[in-house]
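The block underneath contains the structure these notes are about, expressed in structure tokens.
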Amino acid sequence: MQKQITCTECANRCQLLVEQIGDEIVVQGNRCPRGLKSGREEFLGERVIVRGFVRSDEGEKIAVHTSAPVAKGMVYKVTLAIKRVKVNGIVCAGDVLAENIASSGADLIVGE
């Protein structure tokens with residue numbers, strides 16, 4: 001079985017080709033080690049990084065993502081929690097906006 005995945009771990013946005021050969025998961029097309037890990041996790045359907053946008057108090061859209069992959073069953077709850085996050089003031093990439101968002105075990109951080 002093969003699956004094409006767009007990696008979202010970094011700005012490269014690599015097009016990954018992931019396939020299972022016997023007991024081994026083979027990932028091709030990654031330009032960094034994070035793509036290898038991300039491709040395997042997404043192929044197995046276990047955990048994903050949740051990404052989205054929040055609004056600042058000035059109406060500006062700010063890209064955010066979870067600090068760690070969350071269980072796919074938690075994605076909806078995390079997405080709803082992201083919609084409730086309000087940003088006041090100036091934030092920088094990497095700032096934590098919400099700790100343990102939706103009890104997922106991951107923090108919500110400002111993206112690049």
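The values are calculated or read from the model by the stated rules, or taken from the named source; none is laboratory data. Note that this is a predicted model, so its numbers are computed, not measured. Cβ sites come from the backbone with ideal geometry, for glycine too, and all protein chains shown count toward neighbours.
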Margin query: Quick check on my filter: what residues within the stretch 42-60 are surrounded by fewer than 18 Cβ atoms within 10 Å (Cβ to Cβ) and in a helix (DSSP H, G or I)?
Written below: LEU44
Item checked: Of all residues making up the stretch 19-36, the number that are closer than 30 Å to ALA102 by Cα and in contact (Cβ under 8 Å) with a residue 12 or more places away in the chain -> 3
Margin query: Need pairs with beta-carbon distance below 7 Å; first residue touching a residue at least 60 places away in the same chain (Cβ under 8 Å) and within the stretch 47-75, second surrounded by 13 or more Cβ atoms within 10 Å (Cβ to Cβ); sequence gap 6+ or separate chains.
Written below: ARG51/THR8; ARG51/HIS65
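Quick one: which of ALA63, ALA93, ALA68 is in a loop (DSSP other than H, G, I, E, B), closer than 29 Å to VAL18 by Cα and either in the same structural domain as ALA106 (by TED's automatic domain parsing) or in contact with a Lys or Arg (Cβ under 6 Å, 6 or more places away or on another chain) (or both)? Explain how you work it out, then say what you get.
Details: ALA63 fails: in a loop (DSSP other than H, G, I, E, B); ALA93 fails: closer than 29 Å to VAL18 by Cα.
Result of the check over ALA63, ALA93, ALA68: ALA68.
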